[in-house]
Amino acid sequence: MFNIYIMKDILKMLVNGEIDIDEAENLLKADNILNFDEIAQFDIKRKSRTGFPEAVFSPSKLYDDLLTIIKNYLNKSDEDLIITKLSKKRYEKILNDLGENNHIFDYNERAQILVIRKQLTKNKPLAKIGIITAGTSDINIAEEARVIVEEGGCEAITSYDIGVAGIHRLFPQIAYMVGEDVKVFVVCAGMEGALPSVVAGLVDVPVIGVPTSVGYGVGEGGRVALDSMLQSCAPGIAVVNIDNGFGAAVFALSIVNALNEDTC
């Protein structure tokens with residue numbers, strides 16, 4: 001069985017010549033993984049390595065397992081913890097069961113995301129990211145992206161319900177975002193999923209298409225929107241999975257971080 005050492009032990013072994021630098025690196029990486037009651041393995045240094053903290057997808061987890069994960073993580077990590085797709089009922093139960101604590105709980109009911117922080121910090125935004133929806137039914141996914149964009153240290157500029165069915169609404173909003181020097185667009189659309197193609201034809205920055213499960217008939221579930229975005233004739237579009245506002249936001253943050261590294 002692989003032995004897990006604390007950082008001090010690893011450094012001692014390296015200094016004493018018991019292990020070489022490559023072995024020390026592997027052990028330090030392994031030390032970043034926490035095993036919580038055989039329920040979950042957590043990467044507690046994810047933010048320092050990837051630029052974004054650990055996130056927990058909640059729907060498929062038993063409530064007791066989810067609570068155990070949260071308790072252990074908060075006791076053993078200084079980073080923020082993100083719980084995605086968390087119903088309001090579960091959120092309220094978590095608050096009740098955790099009782100008084102020193103953490104800040106920030107829950108967005110529309111996005112169904114909970115961010116747990118030890119403290120609030122305000123830094124200058126790394127960049128601006130535009131988030132657009134085709135219709136009001138897509139806003140929950142866009143809000144998921146907004147929460148993650150802001151958690152990642154960027155400013156989100158949002159404009160909702162400006163889809164191709166009333167395309168005259170789109171152009172002034174895009175012009176405003178371009179004027180604000182938006183570095184990436186996250187575009188959420190259901191039904192036929194045409195909006196990302198239109199946006200990509202207007203701007204010279206990356207566009208991330210998010211198909212949503214909004215639709216009926218052949219468009220039900222978001223597969224038509226996904227297929228439409230994947231075969232877009234406009235270049236410069238990346239597409240994430242259906243209803244994956246979280247993934248779109250993290251990808252947008254990765255682009256921003258890469259741009260910032262290039263300008264350093």
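Computed values, structure above
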| read-out | value |
| --- | --- |
| Per-pair calculated FRET efficiency, R0 = 30 Å: Tyr216 and His168 via Cβ, rounded to 0.05 | 0.75 |
| Asp227 paired with Asn101, simple spin-label distance in nm, labels 7 Å along Cα-to-beta-carbon | 4.5 |
| Max mean-square fluctuation residue, GNM over the chain, Cα-Cα springs under 10 Å, options Lys85, Lys118, Lys93 | Lys93 |
| Cleavage-rule hits (chymotrypsin sites (Phe, Trp or Tyr not before Pro)) in the stretch 197-264: DSSP loop, at most 10 neighbouring Cβ within 10 angstrom | Tyr216 |
| Max mean-square fluctuation residue, GNM over the chain, Cα-Cα springs under 10 Å, options Met177, Met13, Met191 | Met13 |
| Of Lys71/Lys122; Lys89/Lys118; Lys61/Lys118; Lys118/Lys183; Lys93/Lys128; Lys93/Lys183, pairs whose Cα-Cα distance is over 31 Å | Lys93/Lys128; Lys93/Lys183 |
| Helix axis angle, 245-263 relative to the chain longest principal axis, alpha carbon, degrees | 80 |
| Pairwise label distance in nanometres, Leu11 with Asn26, each label 7 Å out on the Cα-Cβ vector | 2.3 |
| Alpha-carbon spread of the chain, three principal axes, descending order, Å | 68, 45, 35 |
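We did not get these values from a lab; they are worked out from the coordinates using the rules stated. Here the structure is a predicted model, which means the values were calculated and not measured. Because the Cβ atoms are built from the backbone with ideal geometry, glycine has one as well, and the counts that use them run over all protein chains shown.
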